[in-house]
Each structure stands twice: as C-alpha cells, then as structure tokens.
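I have placed the structure first, in the form of structure tokens, so that the comments after it can refer back to it.
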Amino acid sequence: METDLALISDVSGLNFSFLSAYHTYLSVSDISEVRMEGPETLDYLDNLSHKEEQGDAITFDSEVDRVYVSSPNVVAVLDHEKKRSFVISKEGLPDVVVWNPWENKPKTMVDFGDEEYKQMLCVDAAVVERAIILKPGEEWTGKLELSAVSSTNCSDHLDHPVSI
C-alpha cells in the first residue's frame with residue numbers, strides 16, 4: 001500500500017528574500033532502527049557542533065540536527081521494524097534538514113513528551129543555505145511529495161524519482 005501527500009508553495013510579485021522549510025515529522029517505530037538514504041555521501045552542517053562534517057551512513061543513536069546542502073531531490077527514511085519507508089521528493093528546495101532531539105532536549109520542551117523522540121524523525125525539505133531573492137514579478141515554487149511505501153518498493157523510488 002502506498003500513501004501520498006503533496007505540498008506546493010508559490011510565491012510571486014514581492015520584493016524580498018526568504019528561507020523556507022516543510023517540517024515533516026515522521027512517525028517511526030524505533031528511531032534507533034531507522035536509516036536514511038539519499039544524502040549519506042554528502043558533507044553536512046552539524047548545528048550541534050557548528051562545524052561541517054563528513055558524510056556517512058545516516059543512522060540515529062544520539063541527538064541529530066543537520067543540514068545537507070544541495071541534497072538529492074529524492075531522499076528516503078527506511079523503518080525496518082514497520083517494513084515501511086517514507087520517500088520525500090522535492091523541487092525548488094535544495095537542502096534537507098534532519099532533526100531528532102534524543103533523550104535530553106525533550107525534557108526542556110513543553111510541547112514534546114520525554115519519550116516521543118523514540119518514535120519520530122523530522123526530515124525537512126528546505127531552503128536554508130542560500131535565501132531565495134525575489135524581485136517584483138519574479139516567481140518561486142517549492143514542491144514536496146511525501147510517500148509512505150512498502151520498504152521492498154523503496155529502491156524503485158530512489159532510482160526513478162517521482163515527478164511532482
């Protein structure tokens with residue numbers, strides 16, 4: 001079974017610059033059993049250490065707050081326990097933000113349960129490195145498609161991106 005959600009933002013006719021992100025909080029079975037595919041070979045900006053880090057396999061065993069700049073237009077989150085994957089296809093949103101607060105930060109957040117980090121992962125299709133600058137009459141469109149698919153079908157989406 002496959003489930004899809006599409007989000008589209010159109011901005012035009014204004015004279016301003018902006019950053020943008022679709023905050024997609026994904027429900028996962030167990031964050032320590034989840035893997036992300038797509039930007040794993042890219043270097044990333046680590047918002048916890050405030051340094052650029054070298055890309056590697058994307059798994060989760062501690063707090064994560066990363067920006068993958070100029071990331072692929074299709075990324076996937078594989079949930080082994082649920083045998084389900086989330087496939088995120090994007091256009092006009094060159095970056096991906098990956099966030100999970102792990103065990104300490106939720107204790108300081110009034111709107112986040114102490115144990116909720118175990119069943120969530122935030123993967124934002126975003127514009128964070130370079131602002132979009134629009135002049136009067138110019139347009140910008142950002143598109144995101146989120147699909148939940150059987151893990152056995154996930155590689156089909158990564159090899160042949162969904163057109164959105």
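The values are calculated or read from the model by the stated rules, or taken from the named source; none is laboratory data. None of these values were measured; they are calculated from a predicted model. Here the Cβ positions follow ideal geometry from the backbone for every residue, glycine too, while neighbour counts run over all protein chains shown. Surface accessibility is based on the protein's heavy atoms, side chains included, excluding ligands, DNA and RNA. Shrake-Rupley method; radii C 1.70, N 1.55, O 1.52, S 1.80 Å.
A few notes on this one:
- Solvent-accessible surface of the range 1-115, taken per residue with a 1.4 Å probe and all protein chains present: 55 Å².
- For the range 4-16, the Karplus equation 6.51 cos²θ - 1.76 cosθ + 1.60, evaluated at θ = phi - 60°, returns couplings of 10, 9, 10, 10, 9, 10, 10, 10, 7, x, 10, 10, 6 Hz by residue, with Gly and Pro reported as x.
- For the range 128-136, the Karplus equation 6.51 cos²θ - 1.76 cosθ + 1.60, evaluated at θ = phi - 60°, returns couplings of 10, 6, 10, 4, 7, 10, 10, 9, x Hz by residue, with Gly and Pro reported as x.
- Cβ-Cβ FRET estimate between ASN104 and LYS135, R0 fixed at 41 Å, reported to 0.05: 0.40
- Taking amide H positions as modeled 1.01 Å from N, with prolines and chain starts lacking one, the residues under 5 Å from ILE58 and 5 or more places away or on another chain are MET36.
- Amide H contacts under 5 Å for ASN47: ASP65, ARG66, VAL67, restricted to partners 5 or more places along the chain or on a different chain, H placed in the peptide plane at 1.01 Å from N.
- With K and R counted +1 and D and E -1, the other residues having a Cβ less than 11 Å from that of VAL127 yield a net charge of -1.
- Positive dipole terminus of the range 10-65, leading residue within GLY38, SER62, GLY13 (C-beta point charges): GLY13
- LEU48-SER70 pseudo-label distance in nm [points 7 Å out on the Cα-to-Cβ vector]: 2.6
- Cα gyration tensor shape of the range 75-129, rounded if a/c is under 1.5, else prolate or oblate by comparing a/b with b/c: oblate
- The HN-Hα couplings worked out from phi for the range 46-63 by the Karplus form 6.51 cos²θ - 1.76 cosθ + 1.60 (θ = phi - 60°) are 8, 6, 7, 9, 6, 9, 7, 10, 7, x, 7, 3, 9, 10, 9, 9, 6, 4 Hz, whole numbers, x standing for Gly and Pro.
- Charged neighbours of PHE60, selected by a Cβ distance under 12 Å, balance to -4 (K, R count +1; D, E count -1).
- Rounded, prolate or oblate (a/c below 1.5 giving rounded, otherwise prolate when a/b exceeds b/c) for the range 1-57 by Cα gyration tensor: oblate
- Carbon/sulfur fraction of accessible area - the chain, other protein chains in place, 1.4 Å, %: 47
- Heavy-atom accessible area, probed at 1.4 angstrom with all protein chains present, ranks HIS50, HIS80 as HIS50, HIS80, highest first.
- Where only DSSP H runs of four or more residues are counted, the chain gives -1000 deg cm²/dmol as its mean residue ellipticity at 222 nm, each run worth -39500 (n - 2.57).
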